[in-house]
Amino acid sequence: MSNSAGFDRHITIFSPEGRLYQVEYAFKAVTAANITSIGIRGKDCAVVISQKKVPDKLLDPASVSYIFQISPGIGAVLTGQIADARAAVVRAQSEAAEFRYKYGYEMPCDALAKRLANINQVYTQRAYMRPFGVAITLISVDDEAGPQLYKCDPAGYYVSYKATSTGPKQQEAMNYLDKKLKKMSCAEGEWTDVVELAITALSSVLSVDFRKNDIEIGVVGSDGKFRKLTLDEIDDRLVAIAERD
C-alpha cells in the first residue's frame, strides 16, 4: 500500500491532508501520455498544436489524432488518455449539438467550457465514477468577444487564457509563452504567424526539430470556422520558420 494508506480506494474520501487521490491520479494521467500541446489566442484567430505520436508502424497515422472538431466553429485539443479523450469529445459534440437544436444558434466556447467543467466536476463527486484523464483546450472566434481560448481540467476547473499548454512540458512552455506575450493582449499577426509561434514554442521546449508528420495543428480563423491544417500546410509553416532562422 502506498502512502495514501487506503484513502485512494474511493474517489469521495478525503485524506487527512484534505487530498483526493483519485483526482490527483487523473492529473497524473494527463502527463503520463507524454504528449505536450499548446493553445494560443491571436488578434483574429486561435490556434492549437499537439505532438502526434503513432505508437505502431502498422497503424494508419490518419486515424491517430488529439485534435477534434466539436462544432463548426469550435475545435479542441485533448491531452491525456486517448480513450478518455474520445469519450469526452463525443460528450462535448453532443452538448454543442443539443444547444444548437434548443436555442437555434451555435454554442459559444465559454458556455461549452463551463458545461464540460461542470460535467467533470460531477465525476469527482460519485463513488461509482472516475474523472476523465484528459485536459481539454477549446478554441473559437466569437462574433462579439473575438478569439476564445479555454482550458478545462479533470477536476472541473476552467479558465480563459491568452496562451496555455498541457502535458509533461507544460511549465516550460508556459514560461516561454509568458516571455513572448508578456506585454501583449494576444499573439500579433496573421493566423500563419500565430501558428509559427506555436510551432516554435513547442519545438523549443521539447528541443526537437519537427517534421510535418510529428505535429498536428487546428486553427479557427477570422471566418469563425475551425479546421485542421493539412500536412502540406504544416510543411509550409515549417519551411517558413527554417528560412526565417
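The values are calculated or read from the model by the stated rules, or taken from the named source; none is laboratory data. All of these numbers come straight from a predicted model, not from anything done at the bench. Quick reminder, even Gly has a Cβ in these numbers, built from the backbone with ideal geometry, and neighbours come from all protein chains shown. For the accessible areas, the whole protein counts, side chains as well, though only heavy atoms, and no ligand, DNA or RNA atoms are used. Shrake-Rupley method; radii C 1.70, N 1.55, O 1.52, S 1.80 Å.
Things to note:
- Mean-position separation - Cα centroids, the stretch 150-216 and the stretch 2-72, in angstrom: 16 Å
- In the chain, the longest principal axis of the Cα atoms and the axis of helix 231-244 are about 70 degrees apart.
- Correct choice for Cα Rg over 2.2 N^0.38 Å that was computed from the model, options [x] 0.98; [y] 1.17; [z] 1.02: [z]
- The chymotrypsin sites (Phe, Trp or Tyr not before Pro) of the stretch 52-145 that meet both conditions, a loop assignment by DSSP and at most 13 other Cβ atoms within 10 Å of the site Cβ, are TYR105, TYR128.
- Portion, in percent, of the accessible area of the stretch 154-232 that falls on carbon or sulfur, probe 1.4 Å: 48 percent
- Ligands, DNA and RNA are left out, and with a 1.4 angstrom probe the accessible area of the stretch 1-75 is 52 Å² per residue.
- Carbon + sulfur, % of accessible area of the stretch 1-73 - ligands and nucleic acids excluded, 1.4 Å: 55 percent
- Nearest 10 degrees, 0 to 90: helix 82-103 Cα axis against the chain principal axis: 80 degrees
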